[in-house]
Amino acid sequence: MNNIFEARDITQDQTLTTQVCVIGTGCGGATVAKKLTDHGLDVIMLDQGGYYPAQRMDQRELNMAGKISAERNFASSHDGGNLLLYGNNVGGASVHYWADSYRTPVEKLEQWAQEYHITGHSMADLLPAFEELEANLHIHAATDPYFNRMNQLLRKGSETLGWRGHRVPQARKNCVKSGHCMQGCLYDAKQSQMVTHIPQALAQGARLYANAQAQQLVMEGDKVKCLSVAMIDAATNRPNGIKLTINADAYVLAAGGFSSAYFLMQQGLKKQLPQLGKHFSMNPSVMVHGIYDEEIILWRNIPAAWGIDHFWQRQYRNGQYQEGGYLLMPNQIQPAMFAATLPLYGVEHQQVMEQLPNIGGTISWIDDVEDELGEIRIKRDGSREVYYPYGPTTKAVLKDSIKKQAELQFAVGAKQLIIAGHQGITLNSMDDLTRLENLTVSAGGLMLASPHPGGGCRMGLNATDSVVNSDHQVHGFHNLYVADSSVFPTSSALDPSLTIMAFSHIAAKCVAANI
Amino acid sequence: MQWQPISRRSFLKIAAVTAVGVSATFYGHRFMSAPRNALHVTPYGNFLVLEESHAHTLHAFAEAVLPRGGKYPTPQQAQVLQRLDEELYFISQPIAKDVKLVLHVLEWMPVMYAKFGRFSRLSLEQRLNFLNGTKNTRSKTVRAVINNCRMLCFNMYYGHESSWSAIGYDGPFAKHLPEQLSEQRQLYAALTTPQQEQSQ
Ligand SMILES: Cc1cc2nc3c(=O)[nH]c(=O)nc-3n(C[C@H](O)[C@H](O)[C@H](O)COP(=O)(O)OP(=O)(O)OC[C@H]3O[C@@H](n4cnc5c(N)ncnc54)[C@H](O)[C@@H]3O)c2cc1C
């Protein structure tokens, strides 16, 4: 297509004019762009990352991390204890995602309406969006051939223990079961934004600029007048000195949960928007690896065909946390990342790695506790800090999720479990669970990963409680919007991609109505 | 042998002092505008980010923690140092700086335990003893340093094709799919290959 531009195509400074400029092309940005073109609007999409269609993929962990992962997966939370996984590429994290596609739980939407005063995002408002997205992205419940051995075991375990589970809704078409979802789908089977909303928006006239980093919004009163964009040299990964100036009627920020609040802080808006960066969630995820007598081959077929939602809500008795507050899934990681999560080295490490084909595992992502949320901050040197406090309830939820993962894996035949992290905690039976008492939830203790950032540009009533209103408009600005997971008032509980996209349908309507 | 670590407070003090030293060196370099592409020629290869001292520490650590013998590649064969240097070259400077700092602290950690010399100068057995001795430490800093280094080494090592057969990993699903080197990988290769070799 001739409306895709990479850094190598732009040889001098340019000024571009459009109706809407969308910053970021992940689930949030690409969807909003597609919907705006449905409304007949002219759209420019920008992404600071590179353009990597299937023919530029090679299924190698490190190579692909270098192409599509932000900071090549080296980014971590403030204390180094939590690996931040997100995209830096056209299509954003949808290119690495597992394609689990859940509608937002009604309970969440009701909570957001009642406690955070969000309007226009009820299940009734979102339903048409969910239906359209599910058709467009071929979302369907995972069928039996897509259950690898770990998924079969998870299903068996949930049935044995009486834990409610479900076939995970998947955004895929003609999946060949390669197991390389996190390295990008070479077969265009996974319905990432690269094969859905981006080409659809382009077909309706949108323009896409890859390697184009939005840097400065030029403001005039309550309006953004123009945006200055630096082109990033694909080889050096640094600005090449060429600038684009974009004049648009409206600007939609969709830089993702780890980046949108930071971008607005870089514009000097923290004083005007004191909630900027606050109320940050990331579904911290904890992994338990299991060694089995049988072959598992965790790295093939789809990651999550069966999920356990039995514990998705936290249970309290007399105000005391009892259990739950997470989704429990099978894990899938390729060997380099797997080895990095192992607490062992030397001979012990070697012995485990040699059993790789027989290693399975589970993962749980916790629904962030509302009064223990984190914050995106800007440091003195201008760099970003992702602060996460791990409050007492969060710690209890993490430990409970480890116990449940252990219970399930022992129930289906695991002979030894290894908790991902640095303390070398291994379990040989349920009796060993007492070892969890020594588990530290901080850098150098449990190893966490966070692929689901949210918040930081919370939606709400006004600048004292939030950053954007229910029309996704940044408080105090007429033509600046946010459309990604950063607008979530609290964590979306389940995997967020479909919620992000459905919210973008609403955002597009609001933008179009205001132009 | 039971290692008695010095107190967490004194460790942190020493770590902070070394950190300041490293930061000062780093910023000093920057302001003296050393070209970002300056090549550090080390016994383990030519690097753009890792300096010779980092390379010695990392190599000594990799030798101690990675599998050895038989079907396993050596750290050099699996290009652990090269690949880490390449990754560091393309990520944000504050992260790369942190990694160098961690390597620096690791180098001096045995000294802080008041028992040994610098990490890279210990024999393999001493390195292993030292690492084993820190296993149950309550110091978060010690744990964080060792674990960060371990994660980096494993990630690079098993990211390399030469380690796959030993662990029963059959590689990419698309067999015989050639590597598609990104512009960044190509640039790194060019920058770290001495000019004479390039022109040959
Ligand atoms: C490994 C992994 C597995 C996952 N699995 C699932 C799953 O199965 N189901 C699910 O629902 N979710 C999953 N997620 C999460 C999901 O992919 C993300 O929540 C979602 O894709 C985020 O969309 P987004 O638009 O908010 O942000 P992103 O996808 O992060 O997109 C933001 C984009 O903005 C660009 N950008 C940032 N700053 C700038 C700037 N200044 N200028 C220009 N561009 C900029 C970035 O390069 C990026 O492409 C997974 C995530 C990961 C990493």
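The values are calculated or read from the model by the stated rules, or taken from the named source; none is laboratory data. Just so you know, these numbers come straight off a predicted model, no measurement behind them. In this analysis, Cβ positions are derived from the backbone assuming ideal geometry, glycine residues included, and neighbour counts consider all displayed protein chains. Protein only, heavy atoms only, side chains kept; ligands, DNA and RNA dropped before computing areas. Shrake-Rupley method; radii C 1.70, N 1.55, O 1.52, S 1.80 Å.
Would you pick out the residues in the range A:206-225 that are open to solvent by 20 Å² or more (accessible area, probe 1.4 Å) and assigned to a strand (DSSP E or B)?
A:R207, A:Q213, A:Q215, A:Q216, A:V218, A:M219, A:E220, A:K223, A:K225
Restricting attention to the range B:123-159, report how many residues are surrounded by 17 or more Cβ atoms within 10 Å (Cβ to Cβ), more than 7 Å from chain A (Cβ to nearest Cβ) and outside any helix (DSSP H, G or I).
Residues meeting the conditions: 3.
Which of the residues that make up the range A:51-69 are more than 7 Å from every other protein chain (Cβ to nearest Cβ) and within 18 Å of the chain's Cα centre (by Cα)?
Hits for the range A:51-69 are A:M64, A:A65, A:I68, A:S69.
Among the residues in the range A:140-159, are any closer than 30 Å to A:L41 by Cα and of a type in the set (G, A, S)? Spell out how you get there, then give the answer.
Residues of the range A:140-159 that are closer than 30 Å to A:L41 by Cα, as a first pass: none.
So far as the range A:140-159 goes, no, none of its residues is closer than 30 Å to A:L41 by Cα and of a type in the set (G, A, S).
Of all residues in the range A:173-196, which are farther than 19 Å from A:L298 by Cα, within 14 Å of chain B (Cβ to nearest Cβ) and either touching a strand residue (DSSP E or B) at 6+ places or on another chain (Cβ under 9 Å) or not in a loop (DSSP other than H, G, I, E, B) (or both)?
If the condition is that a residue be farther than 19 Å from A:L298 by Cα, within 14 Å of chain B (Cβ to nearest Cβ) and either touching a strand residue (DSSP E or B) at 6+ places or on another chain (Cβ under 9 Å) or not in a loop (DSSP other than H, G, I, E, B) (or both), then A:A189 is the only one that fits.
Please go through the range A:199-219 and pick out each residue that is among the small types (G, A, S), more than 11 Å from A:I44 (Cα to Cα) and over 25 Å from the mean Cα position of the chain (by Cα).
Passing the criteria: only A:A203.
State which residue is surrounded by the most Cβ atoms within 10 Å (Cβ to Cβ) when the search covers only the range A:180-205 and only residues that are away from the ligand (no atom under 11 Å from the Cβ) and hydroxyl-bearing (S, T, Y).
By that ranking, first place goes to A:T196.
Filter the range A:70-80 for residues that are open to solvent by 10 Å² or more (accessible area, probe 1.4 Å) and more than 7 Å from chain B (Cβ to nearest Cβ) and give the result.
Our first condition is that a residue be open to solvent by 10 Å² or more (accessible area, probe 1.4 Å); within the range A:70-80, this holds for A:71-74, A:76, A:78-80.
Correct list: A:N73, A:S76, A:H78, A:D79.
Quick check on my filter: what residues within the range A:485-513 are within 15 Å of A:L126 (Cα to Cα) and of a type outside the set (G, A, S)?
Of everything in the range A:485-513, those that are within 15 Å of A:L126 (Cα to Cα) and of a type outside the set (G, A, S) turn out to be A:F488, A:P496, A:L498, A:T499, A:I500, A:M501, A:F503, A:H505, A:I506, A:K509, A:C510.
So how many residues does the range B:160-177 have that are surrounded by fewer than 14 Cβ atoms within 10 Å (Cβ to Cβ) and within 7 Å of chain A (Cβ to nearest Cβ)?
From the range B:160-177, those surrounded by fewer than 14 Cβ atoms within 10 Å (Cβ to Cβ) are B:165, B:170, B:175-176; that's our starting set.
Imposing the further condition that a residue be within 7 Å of chain A (Cβ to nearest Cβ) reduces the set to none.
So the count comes out to 0.
Would you kindly identify the helices (runs of 4 or more DSSP H) lying entirely within the range A:247-362 that contain at least 2 residues that are aromatic (F, W, Y) and under 30 Å from A:L227 (Cβ atoms)?
Of the helices (runs of 4 or more DSSP H) lying wholly inside the range A:247-362, those with at least 2 residues that are aromatic (F, W, Y) and under 30 Å from A:L227 (Cβ atoms) span A:260-266.
Looking at the range A:315-332, which of the residues that are surrounded by fewer than 22 Cβ atoms within 10 Å (Cβ to Cβ) and touching a residue at least 24 places away in the same chain (Cβ under 8 Å) is nearest to the other protein chains (Cβ to nearest Cβ)?
A:Y321
Identify the residue in the range A:1-19 that is of a type in the set (V, I, T) and more than 11 Å from A:L208 (Cβ to Cβ) and, among all such residues, is most open to solvent (accessible area, probe 1.4 Å).
Step one: list which residues in the range A:1-19 are of a type in the set (V, I, T), which gives A:4, A:10-11, A:15, A:17-18.
Restricting the remaining residues to those that are more than 11 Å from A:L208 (Cβ to Cβ) gives A:10-11, A:15, A:17-18.
Values: A:I10: 6, A:T11: 113, A:T15: 94, A:T17: 94, A:T18: 10 Å².
Per the criteria, the residue is A:T11.
Can you tell me which residue among A:G421, A:G374, A:G444, A:G455 is buried (at least 20 other Cβ atoms within 10 Å of the Cβ), modelled with pLDDT under 95 and within 22 Å of the chain's Cα centre (by Cα)?
Matching residue, one of A:G421, A:G374, A:G444, A:G455: A:G421.
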